[in-house]
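FYI, it's all coordinate maths here, none of it is from the lab. Since we're looking at a predicted model, the values are computed, not measured. Please note: Cβ atoms are built from the backbone with ideal geometry, for glycine as well, and neighbour counts cover all protein chains shown.
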Amino acid sequence: MSDIKFIQYGDIDGVSDAIEKEVVTKQCAKIAAQAIDLVKVDTGRLKGSIGYKTDTEETADPSLSGRTKRNIGFVGSAVDYAVYEEFGTRNRKKPLNPYLRPAVEAVNTNAEQTLKKIADGVFKQKGFK
């Protein structure tokens, strides 16, 4: 018996969307957790405000092979002074204490492993070997 499974093009699209959505969500969660670990704490307000959100957006990006939507994620804080912690101030009265950019760098070094693990799981769920 052959291990070849015939699929419709639409099945592939559903798989790629599921993988992309899960990768975006997991990476955002990891970045937020890392940022929480790295942020300098004074009152704890900034640390407690760090979070993430995922969404989809319409796109006409030709690199997405005709897809009209893509999954996106946002990580950060709505606290008004968060940007000054990350980048400091122009006159350096507030020195920079980056927490978000280092979190992104740390998490993205493992992005390929995360993608492979999620893709394997989604393909297994869909009945692919």
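Side notes on the structure shown:
- Members of the stretch 86-101 that are touching a Leu at 6+ places or on another chain (Cβ under 6 Å) and under 25 Å from residue 29 (Cβ atoms): 86, 87, 99
- Residue pairs whose Cβ atoms lie under 7 Å apart, sitting 6 or more positions apart in sequence or on different chains, and linking a residue in the stretch 111-123 that is closer than 11 Å to residue 26 by Cα to a partner that is part of a helix (DSSP H, G or I) and of a type in the set (A, V, I, L, M, F, W, C), are 114/23; 115/23; 118/19; 118/23.
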